[in-house]
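Heads up: the structure comes next, in structure tokens.
What follows draws every value from the coordinates through simple rules; no lab data is involved. These numbers come from a predicted model, not from an experiment. Don't worry about glycine lacking a Cβ; one is built from the backbone with ideal geometry, like all the others, and counts go over all protein chains shown.
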Amino acid sequence: MLVDFLTGGVALLALIFAVGAFSLRWSNMQRLPLPQERSVPKDSPLRGVLYSFTLGMAPWVKESARRHWITYLRGIAFHIGIFAALAALLASPWFDLVPSPLRILFAAITALGTLAGVGGGLARILERDVKAISTPDDHAAVWLVTLFLATMTAALLSTAFVPIMDIVAAVMLVYAPLGKIKHCIYFYFGRLLFGYHIGRRGIVRGLEERSGLFQPRETVREEVTHGR
């Protein structure tokens, strides 16, 4: 019981640090000015932002995802596992009260995330192109998060592993706002600026038509003309 209390306290302090550090980074990013656009607006920036955070993230829109479906699905499984593990971390002090079927479900999700993380980590070691662009920070981030997912899976299946999971979670939470994991903040602002730019330039409709969401106006006019 004392060990659980101490390791839980360490994990809580690490969580407070991570939330505070991420909040500071978020606040600093919010204060940065948007890049100045000198061209005449051709459409609404809001439309571009909506596209950027919705259809613009669809796998068939991204060439890298279209050409590498396994890598894309591995990334999806990895991140779903991370979100599930973080939710489970918040509930970890009350694991004994959580119904077993729900814990097993979350364990299955985090286990799948673990496998995806191992796959991603091995890719950075074995695949020539990925290895060439991977930094020590890249390796540390993927393996640390994968270890967190693995220990969370064990803790969900047996509370005896909760203290180990707490320590691993604490290390990850302290590292998160300092290393590559902080991209979760920059990702939002990157998509925001991208959407603002393409919306203002008036090229969203063309992107939507290419993605198959809307038919080009010429195609619609031709179908109407021929009575289709």
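Condition check: hydrophobic (A, V, I, L, M, F, W, C), at negative phi and without any contact (Cβ under 8 Å) to a residue 24 or more places away in the chain. Does Val10 satisfy that?
Against the criterion (hydrophobic (A, V, I, L, M, F, W, C), at negative phi and without any contact (Cβ under 8 Å) to a residue 24 or more places away in the chain), Val10 does not qualify.
List the helices (runs of 4 or more DSSP H) inside region 102-177, counting only whole elements, that have at least 1 residues being touching a Ser or Thr at 6+ places or on another chain (Cβ under 6 Å), of a type in the set (S, T, N, Q) and surrounded by 15 or more Cβ atoms within 10 Å (Cβ to Cβ).
Ranges flagged: 136-157.
Write out, first by first residue and then by second, each pair whose Cβ atoms fall under 8 Å of each other, whose residues are 6+ apart or on separate chains, and whose first residue, in region 121-150, is without any contact (Cβ under 8 Å) to a residue 24 or more places away in the chain while the second is acidic (Asp, Glu).
Correct list of pairs: Arg124/Asp138.
Checking Glu127 against (1) touching a Leu at 6+ places or on another chain (Cβ under 9 Å); (2) farther than 19 Å from Ala11 by Cβ: exactly one of these is not met. Which one?
For Glu127, the exception is condition (1).
Could we say that Ala87 is under 18 Å from Ala176 (Cβ atoms) and in a helix (DSSP H, G or I) here?
Criteria met by Ala87.
Kindly list the number of the only condition in (1) charged (D, E, K, R); (2) surrounded by 12 or more Cβ atoms within 10 Å (Cβ to Cβ); (3) more than 21 Å from Tyr186 (Cα to Cα) that fails for Arg47.
Arg47 satisfies every listed condition except (3).
Can you tell me which of Ser52, Ser27 is in a helix (DSSP H, G or I), farther than 23 Å from Phe161 by Cβ and touching a Lys or Arg at 6+ places or on another chain (Cβ under 7 Å)?
Within the list Ser52, Ser27, the selection yields Ser52.
Is at least one residue of region 171-179 of a type outside the set (Phe, Trp, Tyr) and under 17 Å from Gly56 (Cα atoms)?
Scanning region 171-179 turns up no residue that is of a type outside the set (Phe, Trp, Tyr) and under 17 Å from Gly56 (Cα atoms).
Suppose we keep only residues that are hydrophobic (A, V, I, L, M, F, W, C) and exposed (fewer than 15 other Cβ atoms within 10 Å of the Cβ) within region 13-26. Which one would you say is farthest from Phe187 (Cα to Cα)?
Result: Leu13.
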